Every structure is written in C-alpha cells, then in structure tokens.
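A.B. asks: Let me give you the structure first, and then I'll get to my questions.
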Amino acid sequence: MAAPQGPICELRLLMIHRYEPGTIKSGSLPVAVEHLGRRGKPVKKMRLIPAEKAFAFARKLQGTPGCTVSVC
C-alpha cells in the first residue's frame with residue numbers, strides 16, 4: 001500500500017450563508033456571508049481554523065433555519 005505523499009490539510013474555512021426568511025435556497029443569492037474564526041465568532045476575513053473545530057461548529061449550526069453552513 002502506498003502512503004499519501006502530499007501535504008494533509010488539517011486547517012479549514014467555515015462559512016455561513018444567511019438567507020431571508022421564507023425564500024427557497026435553490027438559485028437564490030444569500031443575503032449575508034459570514035466567516036467564523038477559532039473562537040466561533042464572526043470575523044471579517046476568511047480565517048483558517050483547525051478541522052476539528054470547524055466540523056464541531058458546523059454540526060452545532062446545522063439545521064438552523066435560514067442558513068447554510070460550508071466547511072472548505
């Protein structure tokens with residue numbers, strides 16, 4: 001078995017896309033896009049955070065009405 005030779009990225013970006021209440025998300029543009037930092041608070045620029053924290057915040061925000069969470 002070959003082991004992966006390339007770098008393994010343990011840092012991720014977490015973005016929240018907010019939509020107006022009552023809109024259908026398919027094809028509509030988000031009203032606001034927020035980026036979360038290491039402490040789980042919104043920041044102005046995209047910040048790289050550890051993958052474990054990014055996925056934990058995404059699980060916490062999953063199912064919130066009017067928003068979509070992306071981990072890149």
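A.B. asks: Got a sec? What order do Glu34, Glu52 fall in by accessible area at 1.4 Å, biggest, i.e. largest, first?
C.D. replies: Most to least solvent-accessible, the answer reads Glu52, Glu34.
A.B. asks: Give the accessible area for Leu11 in Å² (nearest 10); use a 1.4 Å probe, count only protein heavy atoms, and leave out ligands, DNA and RNA.
C.D. replies: 80 Å²
The values are calculated or read from the model by the stated rules, or taken from the named source; none is laboratory data. Since the model is a prediction, treat every value here as computed from it, not as a measurement. The protein model used for the area step is the full one, side chains on, heavy atoms only, and it has no ligands, DNA or RNA in it. Shrake-Rupley method; radii C 1.70, N 1.55, O 1.52, S 1.80 Å.
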